[in-house]
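Taken together, the values in this text are just the output of simple stated rules run on the coordinates, not laboratory data. Owing to the predicted nature of the structure, the values given are computational and were not obtained by experimental measurement. Note: ideal-geometry Cβ built from the backbone for every residue, glycine included; neighbour counts use all protein chains shown.
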Amino acid sequence: MRVLISDNFSADSLGILSDTAGINVDYRPGIDSKNLLQAIGDVDALLVRGGTAVTAELIEAATNLKIIARAGIGIENIDMDAANKHGIVVTNTPTGSTTTIAEHAIAMILSLARMIPQAHISVRQGQWNSTNFIGTEISGKTLGVIGGGKIGRKVIEYARGLHMQVNLYDPYLSEEIIKRLGASKVPLETLLQTSDFISVHVPLNNETEQFLNAETFAKIKPGCRLINCALGGLINEKDMVEALKNGILAGAALDTFSTEPPMPNNPLLALKNVIYTPHMRASTIDAQKNVTVQAAKQVVNFLTTGIVRNALNVPSVNSNLLDTLRPYITLGENMGAFLAQQLEEKPFDSIAIEYSGTITQNSTEPVTSAVLKGLLTPILGPRINYVNAPHIIRERGITVTETRRNLAAGFSNMIKLTIVGEQGCRSVEGAMFNNQDCRIVGVDGYAIEATPAGHILVVKNNDRPGVIAVLGALMAEENINIAMMNLSRSKIKGTAMSLLRVDQKISAETMKKLRQQDNVISAIQIELPEQLNC
């Protein structure tokens, strides 16, 4: 088996690979794209860091490639669609740099508070005037942490050790979990109004893109200092410049920009109350060694045993079992995404997963991972994968229970998901027909069937004449074609539910009109992948 390494890897990681019988290592750090394209043909595994662009063209040329291992967290240099299309497993090393990144955030807080970079430059220029650099203590000050994932939690731990008070904004973490971290759970507005320092640790998605902007800066405590060691797109840089100039922000420490490297004319670079580092949050000897060793071990495990670990595009499972479970994995993930969107961003406390029938003949752990990934992705964005979904669920104090039944009433197999949260109890049931036809067969107790793909409109209404006509008229008004429609009701003149699969997304205006109709109790638009890989 041939393993190609195209970026710098530690000696320890190279030893793990070369000491494994049957693995031939081709170590070519810094190889250019042309030569990489020629070398990839018969490679079984490709190990990379951030320096190699794993393009669709490269994947197409890799006729024997089975796994791509990324030493690090980010996978922005890998064409995931192409990897999925060709059935290539992609892994990363999600825990190798957590400590390093959190330490860098703390170092930025201290550097910002005491103006260390500015003082360093002053001394290098032959000056010796400490009164130009009057800083502030951090002991007793309030740190606002936005995002309570692994890195955010580690930052809280370190900040508490420095005797800081910590407020945490993370709407999907329970108050009990946050208390155990030594922080206080607060709304975002409270965090903005009370923090002396704010450190950002959230993913970049539709919800968080430029969420720190003129509107949020207007609510911030005057004199606050902002630290971003996460991602540049989280902050509106133009608005941040204004907040720094007018004194709302006393300073900022940035490890990342919206465009990297920043353009020379970026106004942030001209401000004396801002310090910068070149996206070096994970740049320590320890982290670099850890991530390469983890990636090497993943490749060895996969090539020698068929077991996938830390896979981003498939659950971690033996490759033979994966082929059997793949249809159920797809069904479970789409059911999870369906149910999460039904909640309309309301938090939930528990999820019960019930497996019935033939599916129980195999391990259902990979399907559970897929369900949890489907549940979290609409809430937390594309950073959620099969690896981190179970961990994030546990971190957030959400209870997961599984039950298995030998028989599934009316079906050869069935998966039922039930969530309890602020919206009460919600459920969805799914079944597999002929081992390849995924279907939803029940929603909130209504026996109703639909293919879990594409644009789905879920309408609950009083069972009265004319409701279906209203639905049809509103869709026709927006020139939206109805591809599928299924109906169910609890009893005559009780309540009813409709599932409509439509050809395109319904506008917010039309959804508003629909919700205002007589007898319509609720209307929710669900967005699922167009294609099912069952």
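Note down the magnitude of the dipole of the range 314-445 about its Cα centre, charges +1 on Lys and Arg C-beta and -1 on Asp and Glu C-beta and zero elsewhere, to the nearest 20 debye.
Values: 11 positive and 13 negative charges, 31 e Å.
Result for the range 314-445 is approximately 140 debye, rounded to the nearest 20.
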Which ³J(HN,Hα) values in Hz, rounded to whole numbers, follow from the phi angles of the range 140-152 under the Karplus curve 6.51 cos²θ - 1.76 cosθ + 1.60, where θ = phi - 60° and Gly and Pro get x?
x, 7, 9, 9, x, 9, 9, x, x, x, 4, 6, x
Going by average Cβ neighbours within 10 Å, how do the peptides 250-256, 514-520, 107-113 rank, with the highest at the top?
250-256, 107-113, 514-520
For the chain, with +1 on Lys and Arg beta carbons and -1 on Asp and Glu, the positive-most of ALA523, LEU168, ALA183 along the dipole:
ALA183
Taking a ≥ b ≥ c as the square roots of the Cα gyration tensor eigenvalues, with a/c under 1.5 meaning rounded and otherwise prolate when a/b beats b/c, else oblate, which class fits the range 453-534?
oblate
GLU478-SER33 pseudo-label distance in nm [points 7 Å out on the Cα-to-Cβ vector]
4.0 nm
Among residues other than LEU4 whose Cβ falls under 11 Å from its Cβ, what is the net charge (Lys/Arg +1, Asp/Glu -1)?
-2
Highest-first arrangement of 30-37, 70-77, where packing means the average Cβ count within 10 Å
70-77, 30-37
Using Cα centres only, tell me the gap between the range 435-500 and the range 48-95 in whole Å.
40 Å
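Ranking request for peptides 95-102, 471-478, 258-265, 5-12: highest mean number of other beta-carbon atoms within 10 Å first, then the rest in descending order. If you can, show how the numbers build up before the last one.
Working: 95-102: 21.1, 471-478: 14.6, 258-265: 10.9, 5-12: 18.6.
Put in order of decreasing packing, that is 95-102, 5-12, 471-478, 258-265.
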Set the Förster distance to 51 Å, then compute FRET efficiency between ASN246 and SER18 from the Cβ-Cβ distance, nearest 0.05.
0.30
Using the Karplus equation 6.51 cos²θ - 1.76 cosθ + 1.60 (θ = phi - 60°), what ³J(HN,Hα) coupling, rounded to whole Hz, does each residue of the range 515-523 give in order, writing x for Gly and Pro?
5, 8, 6, 4, 6, 7, 7, 7, 8
For the chain, what is the charge dipole size about the Cα centre, in debye to the nearest 20, if Lys and Arg each add +1 at the Cβ and Asp and Glu each add -1 at the Cβ?
980 debye
Return one number: the angle in degrees, 0 to 90 and rounded to the nearest 10, between the long axis of the Cα atoms of helix 467-477 and the longest principal axis of the Cα atoms of the chain.
50 degrees
Report ³J(HN,Hα) in whole Hz for each residue of the range 185-202, in order, from the Karplus equation J = 6.51 cos²θ - 1.76 cosθ + 1.60 where θ = phi - 60°; Gly and Pro get x.
7, 9, x, 4, 4, 5, 4, 4, 7, 10, 8, 7, 9, 10, 10, 9, 9, 10
Counting only DSSP beta bridges with both partners in the chain, the antiparallel fraction in percent, to the nearest 5, comes to 50 percent
Over the Cα atoms, compute the radius of gyration (one decimal) and Dmax (the largest Cα-Cα distance, rounded to a whole number) for the range 314-445, in Å.
13.7, 40
Where does the range 222-373 land on Rg/Rh, using Cα atoms and the Kirkwood Rh?
1.15
Under 5 Å, built H, 5+ apart or other chain: amide partners of CYS224
ALA250
Answer rounded, prolate or oblate for the range 138-195, using the Cα gyration tensor with square roots of eigenvalues a ≥ b ≥ c: rounded when a/c is under 1.5, else prolate when a/b is larger than b/c, else oblate.
oblate
Based on the Cβ-Cβ distance from ARG114 to ASN8, what FRET efficiency comes out when R0 is 22 Å, to the nearest 0.05?
0.05
Modelling each spin label as a point 7 Å along the Cα-to-Cβ direction, I'd like the GLU76/ALA61 distance in nm, to one decimal.
2.5 nm
Output the 0 to 90 degree angle, nearest 10, between the alpha-carbon long axis of helix 98-114 and the longest principal axis computed from the alpha carbons of the chain.
50 degrees
Coil-residue chymotrypsin sites (Phe, Trp or Tyr not before Pro) of the range 256-341, DSSP, other Cβ within 10 Å capped at 13
none
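Can you tell me the FRET efficiency between ASP26 and GLN436 if r is taken as the Cβ-Cβ distance and R0 is 45 Å, rounded to the nearest 0.05?
On the way: r = 39 Å, r/R0 = 0.86.
Efficiency, from the Cβ-Cβ distance: 0.70.
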Amide H contacts under 5 Å for SER350, restricted to residues at least 5 apart in sequence or on another chain and with H modeled in the peptide plane, are THR399, VAL420
Percent of all Cα-Cα pairs per 5 Å bin for the range 17-148, counting from 0 up to the last occupied bin, reads 2, 8, 14, 14, 11, 8, 8, 8, 8, 8, 7, 4, 1
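Mind checking the alpha-carbon convex hull of the range 98-276 and giving the volume per residue in Å³?
Looking at the range 98-276, the number lands at 118 Å³ per residue.
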Considering amide H positions built from the backbone, and no H for Pro or chain starts, which residues 5 or more places from GLN210, or on another chain, come under 5 Å of its amide H?
LEU234, ILE235
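Return one quarter of the surface area of the convex hull spanned by the alpha-carbon atoms of the chain, equal to its mean projected area, in nm². Each step should come with its number before you reach the end.
Details: hull surface 114.9 nm².
Taking a quarter of the hull surface, the average projection is 28.7 nm².
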Calculate the spin-label point distance for SER522 paired with THR259, positioning each point 7 Å from the Cα along the beta-carbon direction, and give it in nanometres.
4.4 nm
